[in-house]
Amino acid sequence: MDLFEYQGKQYFARYGIAVSPGDVADTVEEALAVAERIGYPVVIKAQVKVGGRGKAGGVKLADNAEEVREHAGNILGLDIKGHVVRRLWVERSSDIEKEYYASFTLDRPNKTHLGMLSAQGGVEIEVVAEENPEAISFLSIDPVRGLDLETSRRWVAEAELDEVAREQAAALLVKLYDCYTQGDCDLAEINPLILTPDHTVHALDAKVTLDENASYRHPEWEEYRADEFEDPREKMAKERGLNYIGLDGTVGIIANGAGLAMSTLDVVNQVGGTAANFLDIGGGADANVMAAALEVINADPNVKSIFVNIFGGITRVDEVANGVLEALQRVSIASPIVLRLDGTNAVEGRGILAPHLNDHLITEPTMLDAARRAVALAN
Amino acid sequence: MSIFVDENTKVIVQGLTGGQGRFHGLRNRDYGTKVVGGVTPGKGGGDVDAIPVFNSVREAVEATGASASFVVVPPKFASAAIIEAAEGGITFIVCITEGIPAHDEAVTFNRLVEDFPGVRLLGPNCPGIISPGKCNIGITSGDIALAGGPVGIVSRSGTLTYQALHELSVQGVGQTTCVGIGGDPVPGTNFIDCLSAFQDDPETKAVMMIGEIGGSEEERAAEWIKHNMTKPVVAYVAGVTAPPGRKMGHAGAIISGSKGTAQAKMDALAEAGVHVCLNPTEAGAKMVEIVKAM
């Protein structure tokens, strides 16, 4: 789960990482109230989960109430790469002497943690990595041992952060590492991490991705969920406990297993169609799960046909077939359904469906045949 | 021959008394796997359908001589169960548990490397391993596999592993071993471990490899194949149409920035001389063609 900047800053603050004083605002009036409370000048920042806000006009400096009104009014509702701004973060403007970059993430090939630190922050780190790779200091961290202050001190020196910033930065990086590990982040990134003229170091931005698998030990994540979904289809699917991702095609997809679901998207694409979604119903495809899946897909107005692709392993195909029939009794489905059923008890499953087949409920013998049929019906 | 397991492998099931552990443990035994014990703290002395249950892995290993463990416990207990297996003398651990936090996986993996260098972990979040006719540890349905070789299969995805077995078995092409390495960010066993074992296994004549988006394991495997693999490899990579920045079901299946795309993986594999196919059916057909020509 990706956090908005303001949520990331609130998360950082839990671990003692210094951030600028500020608050969220959903209206111009709220923005004004925050600005009056924290004092001018303030920075008004669009809260969207996409990069390039500044260039799109989503970050503005305001010296007085009039400017807050003007900028907050312009930014709210702004469309930044398909993300409409509904919330602002208003914070005290900081004087900047230097901009650094710091992040922790998993180094998948080496199966260790990777710290990245640069004295050249403020720009996209991919650009720095491309044009000036020696400006980034990489630190490989053994997850068993972690990061201690001594190592962190050597690291900030090696990265050639300004002398006056080093001690504060070293301590902040240890806190950021704690936030990353104890806070179960896939990514904890600060860009820029700034040094002010009066020689304090703090986080001016926050990019945090949380590991959903760890949510059982983080009840505090609940508050982030309310704002998690911008896509109403995904919200509906999540409420029904489904693993769903909305896409913009016309063939609704239901498959068991993430790999097979991904592969189904690919095959639909190969035969000239476009998928409306990714949906993995997992191992137990009973009537409830199937009904919920069909319901979510049925609610998508773009869907013209539905491709149910099942390879029974643990999942028994006869149960899937019964599930589909039961689901159809409960939910009225607008689009034709094409099923491909293979694996455990496939013969029984096809037998169960046989008397019910019509031009709205179709079976095909292979994944490719079923994809072609579903795409033909959608186009 | 087979890799990692064979007909003599003795297996204990950690979590045998749970619903899933019982179901899959008994299925594995019915397949012919030597399932010699179960471990559930506090339930030692009992049995599950005549399989003795022990309080700890150490006790189970001492009593049965098991060398492999099948870990079927919920995510919050899985890391401790894996370490307990290693401490108890198990050398091959299969963990099917889905949903383990990535940081726990990273710590567990490194603890194994540092303190138990002789131990191999398969998974977590994998379907397990099957050597048809000999040993099945995990959740793969034994009847879709065909004994006798000559194909080795290694896959990051569960259902696509079944699909691959199915595509070959219906054409009469058998498998030496089929390994599901799992779709998590920190897999205990990776493609190269399996490719290397298949390369050394005289009965494996060709390898089918199924990858997916995310990470760079397929690219690393391609590099390894280029320099070390003499046996033909057929590959399929799922997720060509996956959008960046979205986890496609598996915790490890995510395209970050320009990294981890299916196209980059397919290009790297093709460049290494691998037969890259666009869907599982095509990959199956290609493998059948290669085997029939041998």
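Details
- Whichever residue in region B:69-80 is of a type in the set (A, V, I, L, M, F, W, C) and more than 13 Å from B:PHE109 (Cα to Cα) and, among such residues, is surrounded by the fewest Cβ atoms within 10 Å (Cβ to Cβ): B:PHE77
- Matching entry among B:GLU203, B:GLU212, B:GLU219, B:GLU223 (being surrounded by 18 or more Cβ atoms within 10 Å (Cβ to Cβ), outside the structural domain of B:VAL113 (by TED's automatic domain parsing) and farther than 17 Å from A:ALA258 by Cβ): B:GLU219
Quick grid of which residues meet (1) of a type in the set (Lys, Arg); (2) farther than 24 Å from B:GLY142 by Cα; (3) assigned to a loop (DSSP other than H, G, I, E, B):
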| residue | (1), (2), (3) |
| --- | --- |
| A:ALA291 | no, yes, no |
| A:ILE306 | no, yes, no |
| A:THR315 | no, no, yes |
| A:GLU326 | no, yes, no |
| A:GLY351 | no, no, no |
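- Taking the conditions (1) without any contact (Cβ under 8 Å) to a residue 24 or more places away in the chain; (2) crowded, with 16+ Cβ neighbours inside 10 Å; (3) outside any helix (DSSP H, G or I); (4) of a type outside the set (Val, Ile, Thr) in turn, A:LEU106 satisfies each one other than (1).
- Residue tally, condition in a loop (DSSP other than H, G, I, E, B) and either at pLDDT below 95 or β-branched (Val, Ile, Thr) (or both), over region B:217-238: 1
- For region A:126-175, residues that are of a type outside the set (D, E, K, R), more than 14 Å from chain B (Cβ to nearest Cβ) and either exposed (fewer than 14 other Cβ atoms within 10 Å of the Cβ) or in contact with a helix residue (DSSP H, G or I) (Cβ under 8 Å, 6 or more places away or on another chain) (or both) total 18.
- Number of the exception - B:ALA197 against (1) within 11 Å of another protein chain (Cβ to nearest Cβ); (2) of a type outside the set (Lys, Arg); (3) part of a helix (DSSP H, G or I): (1)
- Qualifying positions in region A:109-123 - free of Cβ contacts under 8 Å to residues at least 60 places away in the same chain and either closer than 19 Å to A:THR151 by Cα or over 23 Å from the mean Cα position of the chain (by Cα) (or both): A:ASN110, A:THR112, A:LEU114, A:MET116, A:LEU117, A:SER118, A:ALA119, A:GLN120
- Residue match in region A:211-226 (condition: of a type outside the set (Phe, Trp, Tyr), within 8 Å of chain B (Cβ to nearest Cβ) and over 25 Å from B:LEU160 (Cα atoms)): yes
- A residue that is buried (at least 22 other Cβ atoms within 10 Å of the Cβ), assigned to a helix (DSSP H, G or I) and touching a residue at least 12 places away in the same chain (Cβ under 8 Å) can be found somewhere in region A:267-276.
- Selection from region A:294-320 of residues that are within 14 Å of another protein chain (Cβ to nearest Cβ), of a type in the set (A, V, I, L, M) and surrounded by 24 or more Cβ atoms within 10 Å (Cβ to Cβ): A:VAL308, A:ILE310, A:VAL317, A:VAL320
- Contacts under 9 angstrom Cβ, first residue in region B:229-241 being away from chain A (no Cβ under 14 Å), partner buried (at least 22 other Cβ atoms within 10 Å of the Cβ) and among the polar types (S, T, N, Q), 6 or more apart: B:LYS231/B:THR204
- Residues (closer than 25 Å to B:GLU105 by Cα and more than 13 Å from chain B (Cβ to nearest Cβ)) located in region A:112-125: A:GLY115, A:MET116, A:LEU117
- Residues of region A:81-98 satisfying the condition of being in a strand (DSSP E or B) and exposed (fewer than 14 other Cβ atoms within 10 Å of the Cβ): A:VAL84
- One residue stands out in region A:200-221 among those that are touching a residue at least 60 places away in the same chain (Cβ under 8 Å) and part of a loop (DSSP other than H, G, I, E, B): the one that is farthest from A:GLN47 (Cα to Cα), namely A:THR200.
- Put simply, of A:PRO355, A:PRO336 the only residue that is assigned by TED's automatic domain parsing to the domain that holds A:GLY252, in contact with a His (Cβ under 7 Å, 6 or more places away or on another chain) and more than 20 Å from B:ILE144 (Cβ to Cβ) is A:PRO336.
- Every residue from region B:140-172 that is in contact (Cβ under 8 Å) with a residue 12 or more places away in the chain and more than 24 Å from B:PHE23 (Cα to Cα): B:GLY148, B:GLY149, B:PRO150, B:VAL151, B:GLY152, B:ILE153, B:VAL154, B:GLU167, B:LEU168, B:SER169, B:GLN171, B:GLY172
- Helices (runs of 4 or more DSSP H) within region A:124-182 that include 3 or more residues among the hydrophobic types (A, V, I, L, M, F, W, C) and in contact (Cβ under 8 Å) with a residue 40 or more places away in the chain: A:163-182
Results for (1) modelled with pLDDT under 95; (2) aliphatic (A, V, I, L, M), shown as yes or no for each residue.
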position	(1), (2)
A:GLU134	yes, no
A:ILE141	no, yes
A:THR151	no, no
A:ILE190	no, yes
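- Restricting attention to region A:243-266, the residues that are over 19 Å from A:VAL375 (Cα atoms), crowded, with 21+ Cβ neighbours inside 10 Å and within 21 Å of the chain's Cα centre (by Cα) total 5.
Here is a yes/no grid of residues against (1) under 23 Å from A:ARG108 (Cα atoms); (2) among the hydroxyl-bearing types (Ser, Thr, Tyr):
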position: A:ARG154; (1), (2): no, no
position: A:LEU161; (1), (2): no, no
position: A:ARG166; (1), (2): no, no
position: A:VAL174; (1), (2): yes, no
position: A:TYR177; (1), (2): yes, yes
position: A:ALA188; (1), (2): yes, no
position: A:LEU195; (1), (2): no, no
position: A:HIS202; (1), (2): no, no
position: A:VAL208; (1), (2): yes, no
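- One residue alone among B:GLY273, B:GLY245, B:GLY214 is under 19 Å from the mean Cα position of the chain (by Cα) and either more than 8 Å from every other protein chain (Cβ to nearest Cβ) or in a loop (DSSP other than H, G, I, E, B) (or both), and that residue is B:GLY214.
- Top-ranked residue in region B:140-164 [being among the hydrophobic types (A, V, I, L, M, F, W, C) and part of a loop (DSSP other than H, G, I, E, B); ranked as nearest to the other protein chains (Cβ to nearest Cβ)]: B:ALA145
The values are calculated or read from the model by the stated rules, or taken from the named source; none is laboratory data. Values in this document were obtained by computation on a predicted structure and should not be read as measured data. Positions of Cβ are generated from backbone atoms using ideal geometry, with glycine treated the same way; all protein chains shown enter the neighbour counts.
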